[in-house]
Amino acid sequence: MTEKPITDYDEEIKNCSCSYCGNNCDDITYLLKDKKIVGVRHACRLGASKIINDEDQRLLNPMIRNTEGILEETTWTIALDKTAELLSKSTRPILYGWGETSIEAIKQGINLAEITGSVMDNQSTICHGASIQAFQNVGHPVMTLGEVKNRADVIIYMGTNPMDDHPRHLSRYTAFPEGFFRRNGREDRTIITIDPKYTNTAKVSDEWIKFNINEDYTFLNALRSILKGNELKDEEVAGVSREKIYELIEIMKNAEYGALFFGLGLTQTLAKQRNIDILIQLVEDLNQYSKWSMLPMRGFFNVNGFNIAMTSETGYPYGVDFARGYPRYMVGETTTIDLLNRREPDFFMAISADPGVQFPGYSIQHLTNIPTVQIDTHWGPYTELSDIVLPSTRVGVETEGTAYRMDSIPIYMKKVIDKQENCHSDEWILSEIYRRILQIKETNGDN
Amino acid sequence: MEYILKNGIVFDPVNNVNGEKKDILINDDKIVEEVSSNAKIIDITGKLVMPGGVDLHSHIAGPKLSVGRLYRPEDIRKGIKPASKNGIDGFEAGFSLPTCPTTGYRYTKMGYTTVTEAAVPPLEAKHAHEEINSIPNLDIPTLTLFGNNWFMLKYVKENNIDDLTVFISKWLKLAKGYGIKIVNPCGSEAWGWGKNVDGLDDPEPHWNVTGREVITSLTKVNEKLGLPHSVHVHTNDLGHPGNYETTLETFDCVKEIKKNKKVDRNQIMHCTHIQFHAYKGSSWRDVTSGAPELIDYINKHDHLTCDIGQLTFDETTTMTADAPMEYDLYRLTGLKWANKDIEVETASGLIPSIYSKKSPVSTLQWAVGLEFFLGIKDPWKFALTTDSPNGAPFIRYPRIISWIMSNEKLNDMLDNEVHNWATRRTSLGSYDREYSWNDIAIITRASPAKILGLTDRGHLGIGAKADISVYDIDVDSFDTTRLSNSEVLEKKLLNSMYTIKDGDILVKDGEIVKLVNSKHVWCNVKGLENKEYSLIQRIKPEFNKYYTIKYENYGVPNHYITPNYQVDVEVEK
């Protein structure tokens, strides 16, 4: 069905950013009528729907759960006071989320985590944390997306399906656009999807290489082994024929510029970060023959920005524990799911994230036993678990702020329309909680 | 606020004050001739007083640092220190890759007040400025990377110096940069195809432009604009045995270019971390020092300056926009390699580095750096750096000072601590020069400020910025030449008695007592606005085709650079 173009608008705002995925497309035009967004140009379906149809399920007023278990609207003062009181009383608080907010808010969160001895963690803990562990193990050879656009003649997507999850990835950044050294765009490139599933990305690729699920490491090991000059004796590895493996390695060796993108299809299968370890080593080895770089496909528009801000401020990328007043970091010890599984936390605040959707059931169970606070723009499963709900504003739409794209390019996201009357930015909410905690500490003589 | 720093022993080489007992008078943020009777007297009788430290080449903010911290948690763990009890400065973390606040704390405690971030790709300049906002207590100029930029390569190929001049002027505004940085010109672009260039005349594969053409063109542009700092060059061939010849050619290739008469500096080219560019031989097996030839050239010529890039015996992290060199290091060491190629502009790489006293190569590099300290006769021609964190983290500056002030200490190291390549393959053992406090004030304050073209600092003259460091060293009785004093000296220089910046006391008795926001020092060229506008209209279609962000979202918005320290440069229209 073809939709009619939107003509009923009175203002165009150009070069806005999209606050959906790690692409952070910054060429979006917002169409406004009476200071409300009525249309959007250039965005993908996912981005557009997030920008336009965003008033459904919107959180509009602060709420506190009453004694009967019902969320009841309240004032900001009461909600913020109560949040500060609960947080200041807790001994093992977690401040989780941050993937869809600005760096400015994250920095405010770090201040709060430091004075409350909280654990500060983000979605990496359940997505590309495994990739970060691998970077720490063996290296980090990455590039910006423009390098792929301008140079790449071979692009591999492994364990990721950008056509569905990052819809403009191929069209704006990698496969289709004209690049400086790839004037004919898609025609000048070979696209290979390596995935157990036949995805929409596989559909637009020159080749789909199917391998057996959970046998990623074996498959990558075979590639690396051949590259090092060993002979592959088995007829097939991980369900891929010997001929196909040799063919693939030849394509990779002969690329002028190869780019490899990988996703949760690799980080969440059995070998976890070991898959990424060997993938990085493969890329490192390939650089002896040609030029190769890689990049994790990051999900939320600022999930990478959190890792960057945390390392700038605390030295560690995620799962940072301030219990001793200075940062500590140990995956499995100071990471959210592990803490929840050990039933350690006695306070949980989610900021622009929905643990109700993202976390395993056993971990969520613990959230029902401890005070929970939500700072977010929309009603979601976690709202149902929250004792206090603080409605915030949308970064890049109602609030300005910095975000880092999946390739770590900083984007300054504009404010385009006014915020909902009784909502406040994450930065403001966190600074108010911070201020209140300081007051409580002063009253208690904790300083 | 008014202060009188009373009876300190002052070293202010710019004003020919060499160890005189003097009072320094401060009113607000300036050094003044007179203060009122309300001025607070700080008694520092007999203590060492110098202008605030100026570092002209360090890596403290931006994407390379973030990658480094992300992939080396083992380095972060090394420098953990809980927050101070006074509630002013927070925790510290990191050794070679300190967190942003830690960087500010440590530099301030060392008495430094100005630190240059020496390599910022314009596309990620927002990142660098955003991090600077988390570094307290410093003035921070950023140098913008141009040595492999595609627009630059195009203009150089066309020999279109006029458009290149306008381009540089506009791009410094967009990146809020202070000066032109060139790193391995053409080599980092060749790295886009996994290649490098060998020397100054080896052309880049696509544009067919050479390092020589890039360096000479950008030097001409720099002088045409009259930027306060000269071009800041990391020459081709870093870290390769035999590279001293390329370095000599680089020194020589600009000598005929006329310096802009309006500028205050002496040089037209600054060659950075010279130690890494001074090796003879054909491999690491037959490598020897190439420092004597370079020292001889520097001693005989006045058109260039350098900084050392001294290494110390530590485990640190190397990081540079010379990405192919980092891959070479990866092939050599097998340590974990990080690489970041940045579209249209540059590339970069990182690798941990373990410099050991037992390693022949490490000791050779160590000795080569020290040869420059001891061999370059005129201390105004260079500055003390470690290319932090490449040669060593900046907190090793005091250690290096302790070596060059004491022949006894240096000989002790040569005789008892380091591998014999330091004496067998370099001429370090032949020097007996010892630095005075006046020399130290030159190479850590006066000279770097002059080389940077920042005339308001690096000295304690009337009207200068009140950036002052005082150390708990009794100048008359403390013998810096004694081996037994070297550790004490290092400790005293690491923890200043007072660090004063813009008239604010930031450190007292080795503790931070005040935090202020760092200033973003950048260069604003005035007079080319119309030409810049027309250039942008012409190149915008290309820009939007080859970059992945829109031109409109490319520059650094003003709110990232608060507080702003804008240096205006007038050019002829």
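Across the cross-link table entries A:LYS4/B:LYS545; B:LYS47/B:LYS491; B:LYS22/B:LYS47, which are compared at the Cα atoms, the separations over 18 Å belong to A:LYS4/B:LYS545.
Using a cut-off of 25 Å between Cα atoms, the listed pairs A:LYS36/A:LYS82; B:LYS170/B:LYS550; B:LYS450/B:LYS526; B:LYS173/B:LYS224 include A:LYS36/A:LYS82 as exceeding that distance. Our note on the geometry: Cα centres of segment A:73-143 and segment A:182-245, 37 Å apart. Considering only the Cα atoms of the protein assembly as shown, their convex hull presents on average a projected area of 42.1 nm². For segment A:36-143, the carbon plus sulfur part of the accessible surface works out to 49%, probe radius 1.4 Å.
Would you work out the relative contact order for chain A, in percent, from Cα pairs under 8 angstrom that are 6 or more residues apart? Computed value for chain A: 23 percent relative contact order. Take segment A:88-161 with all the other protein chains still there, run a 1.4 Å probe, and you get 16 Å² of accessible area per residue. Between amide H atoms placed 1.01 Å from N, distances below 5 Å from B:GLY19 occur with B:VAL10, B:PHE11, B:ASP12, all of them 5 or more places distant or on a separate chain.
For chain A, the extents of the C-alpha atoms along the principal axes are 71, 55, 36 Å, listed from largest to smallest.
Any idea what the relative contact order of segment A:371-447 is, in percent, if you count C-alpha pairs under 8 Å spaced at least 6 apart?
Details: 94 pairs, mean separation 18.3, N = 77.
Answer for segment A:371-447 is 24 percent.
Measuring between their Cα centroids, segment A:385-447 and segment B:213-280 lie 47 Å from each other. If you roll a 1.4 Å probe over segment A:200-348 with all protein chains in place, what percent of the accessible area is carbon or sulfur? Of all accessible area on segment A:200-348, carbon and sulfur atoms account for 45 percent. One decimal place: the segment B:GLU552-B:ASN208 gains 120.8 nm when fully extended, by the rule 0.36 nm per residue minus the C-alpha distance. Calculated on the alpha-carbon coordinates, the convex hull of segment A:259-306 measures out at 83 cubic angstrom per residue. Sorting A:185-197, B:145-157, A:34-46 by average packing, meaning the other beta carbons within 10 Å per residue, from highest down gives B:145-157, A:185-197, A:34-46.
With N set to the residue count of segment B:97-145, report its C-alpha Rg divided by 2.2 N^0.38 Å to two decimal places.
Dividing the Cα radius of gyration by 2.2 N^0.38 Å gives 1.11.
Rolling a 1.4 Å probe over the protein chains gives A:CYS25 an accessible area of about 10 Å². Residues of segment B:538-567 whose accessible area, computed with a 1.4 Å probe over protein heavy atoms, drops by at least 30 Å² once all protein chains are present relative to their chain alone are B:LYS545, B:TYR546, B:THR548, B:ILE549, B:LYS550, B:ASN553, B:HIS559, B:TYR560. Quick one: compute the contact order of chain B, relative version, from alpha carbon pairs under 8 angstrom and 6+ residues apart, as a percent. Relative CO of chain B lands at 20 percent. Can you list the residues of segment A:140-158 whose accessible area drops by at least 40 Å² going from the chain on its own to the full set of protein chains, with a 1.4 Å probe? So the qualifying set is A:HIS140, A:VAL142, A:THR144, A:GLU147, A:LYS149, A:ASN150, A:ARG151. Once you order the gyration tensor axes a ≥ b ≥ c over the Cα atoms, which shape class does segment B:31-101 get: rounded for a/c under 1.5, otherwise prolate or oblate by comparing a/b with b/c? Prolate, because a/c is 1.5 or more and a/b exceeds b/c. Spin-label model, B:LYS491/A:ASN254: points 7 Å from Cα along the beta carbon direction are separated by 6.7 nm. Ligands, DNA and RNA are left out, and with a 1.4 angstrom probe the accessible area of segment B:434-528 is 32 Å² per residue.
Please compute how much accessible surface disappears when A pairs with B, both sides summed, using a 1.4 Å probe, and round it to the nearest 100 Å². Numbers along the way, then the final one.
On the way: alone 19100 and 20570 Å², together 34580 Å².
Separately minus together, A and B give about 5100 Å² buried.
Residues of segment A:406-427 buried by at least 50 Å² of accessible area upon assembly of all protein chains, compared with the chain on its own (1.4 Å probe): A:ILE409, A:PRO410, A:TYR412. The GluC sites (Glu not before Pro) of segment B:529-573 that meet both conditions, a loop assignment by DSSP and at most 16 other Cβ atoms within 10 Å of the site Cβ, are B:GLU572. Per residue, the accessible area of segment B:148-249 comes to 25 Å², computed with a 1.4 Å probe over protein heavy atoms only. The alpha carbons of segment A:263-349 give a radius of gyration and a Dmax of 16.3, 53 Å, in that order. Straight Cα distances below 19 angstrom link B:LYS40 to the aspartates and glutamates B:GLU2, B:ASP23, B:ASP28, B:ASP29, B:ASP467, B:ASP502, B:ASP504, B:ASP509, with same-chain residues fewer than 8 positions distant left out.
Over segment B:39-155, what per residue volume does the convex hull of the Cα atoms give, in whole Å³? Before the final figure, lay out each step's value.
Working: hull volume 18.2 nm³, N = 117.
Hull volume over Cα atoms, normalised by residue count, gives 156 Å³.
Inter-label distance, B:GLU570 to B:ILE161: 2.3 nm, where each label sits 7 Å from its Cα along the C-beta direction. As a calculated quantity, the FRET efficiency between B:ASP29 and A:LEU438 at R0 = 25 Å, using C-beta atoms, amounts to about 0.25. With a/c under 1.5 counting as rounded, go ahead and sort segment B:466-510 into rounded, prolate or oblate using the C-alpha gyration tensor (a ≥ b ≥ c being the square roots of the eigenvalues; past the cut-off, prolate if a/b is larger than b/c, else oblate). In terms of gyration-tensor shape, prolate.
List residues of segment A:238-278, by number, whose backbone nitrogen lies under 19 Å from a label position 7 Å along Cα→C-beta of A:ARG183. Under cut-off, by backbone N: A:256-257. Taking 0.36 nm per residue of sequence separation and removing the Cα-Cα distance, the B:ASN15/B:ASN411 pair yields an extension gain of 139.2 nm.
Computed from backbone phi with θ = phi - 60° and the Karplus coefficients 6.51, -1.76 and 1.60, the 3J(HN,Hα) list for segment B:39-48 is 4, 7, 8, 10, 7, 10, 3, x, 8, 6 Hz; x is used for glycine and proline.
Here the spin labels are modelled as points 7 Å beyond Cα on the Cα-Cβ line, and at A:ILE417 and B:ASP198 they lie 6.3 nm apart. Once the C-beta distance of A:GLU68 and A:THR91 is scaled by a Förster radius of 35 Å, the resulting FRET efficiency is 0.80 to the nearest 0.05. Over all projection directions, the Cα-based convex hull of segment B:409-454 averages an area of 4.4 nm².
Which percent of the accessible area of segment B:16-155 is formed by carbon and sulfur heavy atoms (probe 1.4 angstrom)? Heavy-atom surface of segment B:16-155 belonging to carbon and sulfur, 1.4 Å probe: 46 percent. Along its principal axes, chain B has C-alpha extents of 63, 56, 46 angstrom, given from the largest down.
Rounded, prolate or oblate: pick one for segment B:405-535, where a ≥ b ≥ c are the square roots of the eigenvalues of its C-alpha gyration tensor, a/c under 1.5 means rounded, and failing that, prolate if a/b is larger than b/c, else oblate. Because a/c hits 1.5 or more and a/b fails to exceed b/c, segment B:405-535 counts as oblate.
The values are calculated or read from the model by the stated rules, or taken from the named source; none is laboratory data. Note that the structure is predicted; figures quoted are calculated from it, not measured. Reconstructed Cβ throughout: ideal geometry from the backbone, glycine too, with neighbour counts over all protein chains shown. These accessible areas exclude ligands, DNA and RNA; they are computed on the full protein's heavy atoms, side chains included. Shrake-Rupley method; radii C 1.70, N 1.55, O 1.52, S 1.80 Å.
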